[in-house]
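The values are calculated or read from the model by the stated rules, or taken from the named source; none is laboratory data. For clarity, every value in this text was computed on a predicted model and none was experimentally measured. Backbone-built Cβ (ideal geometry, glycine too); neighbour counts: all protein chains shown. Remember, those area values only see protein heavy atoms, side chains included, never the ligands or the DNA or RNA. Shrake-Rupley method; radii C 1.70, N 1.55, O 1.52, S 1.80 Å.
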Amino acid sequence: MSEISPKAEISPKARIGNNCKIFPFVYIEDDVVIGDDCIIFPFVSILNGTRMGSHNKIHQGSVIAALPQDFDFRGEKTECIIGDNNIIRENVVINRATHTGGQTVIGNDNVLMEGAHISHDTKVGNRCVFGYGTKIAGDCQIQDGVIFSSSVIENAKTRVGRGAMVQAGTTFSKDVPPYIICTRKNTYGGVNFTMGRSYGVDEKVLKHIANAYRLVFHGQTSLFDAVNQIEEQVPDSPEIQNVIQFLRSSEMGIISKM
């Protein structure tokens, strides 16, 4: 049985799971599904298209499945998918997708700090952190374990690879490869050894990742040739394969060398 304030405005068509706590002045629309054990604090708006998992905490002033801020939006039925165990702090805005059948996706165990904004059709993995005031534009892809410091701006259609960190105040329009630090100058700042160790990546593999990125960022060849050199010269591992696949699939190009 959920604890729902009589001062909350909740559509009878919305589906609320078990053991949820919904505070006064929460607004929930018709086409909403909320899983078990969620806590929804006052003045939160959960709008049509929301599909929320379990054990999420949504703090004051946040808006889930806000209409996409996209001039191509024509009122289509789209979704905003929120996984499990996410912490969404005050005044966070997450837009649902733009076109019919589209989805904005937030995975599991993410933390979105105050004032973060995730735009339409963006896909976020698991265990990511979005610092204060970070803004993610539409159609972005963010892999697992990414950390954004405060006031980061990620421009549309870019990607951030697994275990990367983006420093505070950075604005970027190109892809940030896995396991690296992106500096405020929008450049390669070395391998994110701290995050790699926290995920149990072997020290030898971390050194191999560093060698791979020396070929990419300090070599005198094209990105295409650098990837071929990684395959030829760097011992293989799942992490190296992730690097290779990410680099090969980049459409926007990657951030610059130091």
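Laid out as a table, the results:
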read-out: Some residue of the range 229-240 being assigned to a helix (DSSP H, G or I) and touching a residue at least 60 places away in the same chain (Cβ under 8 Å); value: yes
read-out: Among residues of the range 123-148, those that are of a type in the set (Gly, Ala, Ser) and in contact with a His (Cβ under 8 Å, 6 or more places away or on another chain), counted; value: 1
read-out: Every residue from the range 10-26 that is open to solvent by 80 Å² or more (accessible area, probe 1.4 Å) and closer than 14 Å to Asn48 by Cα; value: Pro12, Lys13, Arg15
read-out: Test: residue in the range 226-245 that is open to solvent by 10 Å² or more (accessible area, probe 1.4 Å), among the polar types (S, T, N, Q) and at pLDDT below 95; value: no
read-out: Any hit, the range 150-161, residues being open to solvent by 50 Å² or more (accessible area, probe 1.4 Å), in contact (Cβ under 8 Å) with a residue 40 or more places away in the chain and either closer than 21 Å to Asn110 by Cβ or part of a loop (DSSP other than H, G, I, E, B) (or both); value: yes
read-out: Test for Gly196: is it out of contact with any strand residue (DSSP E or B) (no Cβ under 7 Å at 6 or more places or on another chain) and in a loop (DSSP other than H, G, I, E, B); value: no
read-out: Residues of the range 36-71 that turn out to be open to solvent by less than 50 Å² (accessible area, probe 1.4 Å), under 17 Å from the mean Cα position of the chain (by Cα) and farther than 15 Å from Ile87 by Cα, as a count; value: 4
